[in-house]
Amino acid sequence: MSNFYPRRKFIRNVSLGTLALVPGISAIAAYAKSKDKKLGVALVGLGNYSTHQLAPALQQCEHCYLAGIVTGTPAKEKIWAEKYSIPQKNIYNYQNFDSIADNKDIDIVYVVLPVAMHKEYTIRAARAGKHVICEKPMAVSVADCREMIDACKKANKMLSIGYRLHFEPFNMEMMRLGQKRVFGNIIKINSSNGFIWGGDPNAWRLKKALAGGGGLMDMGVYVIQGARYTTGEEPLSVSAREIKTNPNLFKEVDETVVWEMKFPGGAIANCRSSYNENANFLRAEAQKGWFELSEAYRYGGMVGATTNGSMSFSNINQQAAQMDDFAQCIMQNKPTRVPGEMGLQDIRIVEAIYRSIVSGKEERV
Ligand code: NAD
């Protein structure tokens, strides 16, 4: 932990006995604590998302900062150390990672690795006594998600998933309009998320063992999330099918998946994910009107409208908001709004979708 200010020293010097006698003092202490320090974050895996989104976002955070890195590529150590003033003692590789347990600068480990590696590094981080943020999708199976949640509980550490859109104003408006039934009961959700794969044909995202699946795991999780947070409900069942136009490239993983989710309130969500189509929207039709994001899941540039006209919110740094919120949750000992259980539920739905593709039938979640 770092960046202590004199006020913190004062709080520390007040004896526990005195604290106990003054009503509300623990709340004051917690407030002072949360106000006066930043928690240290170590990024594990310095690929695209860490390099271009998370590290820059951490420069804007108010409650946490980039304190350390974990990388398997020695050449990256010097570049990152210089760019972000990271001391050598806060730089780890995958072999010596567990010794991060002794490092007081690191409060939060942020796992930004290929999906199949999320479980191992989340569990190792929790055992090292660190709070964890794990990127989406949480893991390759529900069983792995459970082990991750259990390990964090056992270590008495908080676990959150990198669901940045829960902190993004346009998506938060979709949650409000839907969950508060502003336009009445939701009848239908339409959502799709995808891009045309133009990258390396040997990338980990196309390997089942590392990615767990294809467009559904990577892009479809946003669609599942969108339908869940717009309705505020959990789907009862799914019916899915897969479309494959390029079996050479998508040998191991799904290319395009189309699925329907039925919600207990009667809403039906028509969903699509793809590694071979450009799409990015979330639309809800309700009894008394519609509301939608025609740019829904990106890092910025959201576009939203309702029956009553366009939405107007500023675009924010989503990752900074997400990480700051988690740091505050830790400091104030309050639950995160994007916990491991939320990630597990998405993987439970993903597993039902894959089951439905195989069975050709509607599958219960
Ligand atoms: P990437 O391929 O750019 O980076 C992966 C990193 O893992 C690299 O630094 C690589 O060296 C390292 N690595 C370690 N072992 C590896 C192995 N066996 N094979 C391949 N790489 C290995 O990927 P990325 O786009 O940064 O994605 C990382 C994670 O972040 C994924 O879980 C992804 O879903 C997630 N992500 C989330 C968002 C979001 O908006 N929340 C956006 C992008 C990525």
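Computed about its Cα centre, the charge dipole of the range 227-329 is approximately 220 debye, with only Lys, Arg, Asp and Glu carrying charge at their Cβ. Going from the residue with the fewest nearby Cβ atoms within 10 Å to the one with the most, THR336, THR230, THR256 rank THR336, THR256, THR230.
Its Cα centre serving as origin, the chain has a Cβ charge dipole (Lys and Arg +1, Asp and Glu -1) of approximately 960 debye. Could you tell me what a quarter of the Cα convex hull surface of the range 210-365 works out to, in nm² with one decimal place? Mean projected area for the range 210-365: 11.1 nm², to one decimal. Span-like helix check, the chain: qualifying full DSSP H segments, with Cα axial length of 24 Å or more and mean Kyte-Doolittle of -1.0 or more, are 340-359. Both radii are taken from the alpha-carbon atoms of the chain; with Rh as the Kirkwood radius, Rg/Rh is 0.99. Find which of ALA240, ALA227, ALA209 sits farthest along the positive direction of the dipole of the range 206-246, computed with +1 on the beta-carbon of Lys and Arg, -1 on that of Asp and Glu, about the Cα centre. The listed residue farthest towards the positive side: ALA209.
Restricting the calculation to Cα atoms, every distinct pair contributes to the Kirkwood radius of the range 95-237, found to be 17.0 Å.
Along its three principal directions, the equivalent ellipsoid of the range 39-162 from the Cα gyration tensor extends over semi-axes of 22, 15, 14 Å, largest first.
For the chain, relative contact order (Cα pairs under 8 Å, six or more residues apart, normalised by length) works out to 18 percent. So what is log10(I(q)/I(0)) for the range 285-344 at q = 0.13, 0.27 1/Å, when the Debye sum runs over its Cα atoms only? At q = 0.13, 0.27 Å⁻¹ the computed log10 ratios are -0.55, -1.04. Within straight-line reach of LYS288, meaning a Cα separation under 19 Å, sit the following lysines at least 8 residues removed in sequence or on another chain: LYS180, LYS188.
Under a cut-off of 14 Å between alpha-carbon atoms, report the aspartates and glutamates in cross-link reach of LYS89, not counting same-chain residues fewer than 8 places apart. Straight-distance partners of LYS89: GLU77, ASP98, ASP102, ASP105.
Would you mind checking the pairs LYS38/LYS78; LYS104/LYS154; LYS76/LYS207; LYS76/LYS208; LYS262/LYS334; LYS76/LYS119 and listing those with alpha carbons more than 22 angstrom apart? Beyond 22 Å between Cα atoms: LYS38/LYS78; LYS76/LYS207; LYS76/LYS208; LYS262/LYS334; LYS76/LYS119.
Annotation: the residues CYS271, CYS329, sorted from fewest to most other C-beta atoms within 10 Å of their own C-beta, follow the order CYS329, CYS271. Of LEU39, GLY194, VAL358, which is farthest on the positive side of the dipole of the chain, counting Cα position, with +1 on Lys and Arg Cβ, -1 on Asp and Glu Cβ, and the Cα centre as origin? Value computed over the given set: LEU39. Separation of the range 314-335 and the range 130-166, taken as the distance between their Cα centroids, equals 16 angstrom.
Every read-out reported here was derived from the displayed coordinates using simple, explicitly stated rules and does not represent laboratory data. Predicted model, so just to flag it, every value in this text is computed and none were measured. Cβ coordinates were reconstructed from backbone atoms using ideal geometry, including for glycine residues, and neighbour counts include every protein chain displayed.
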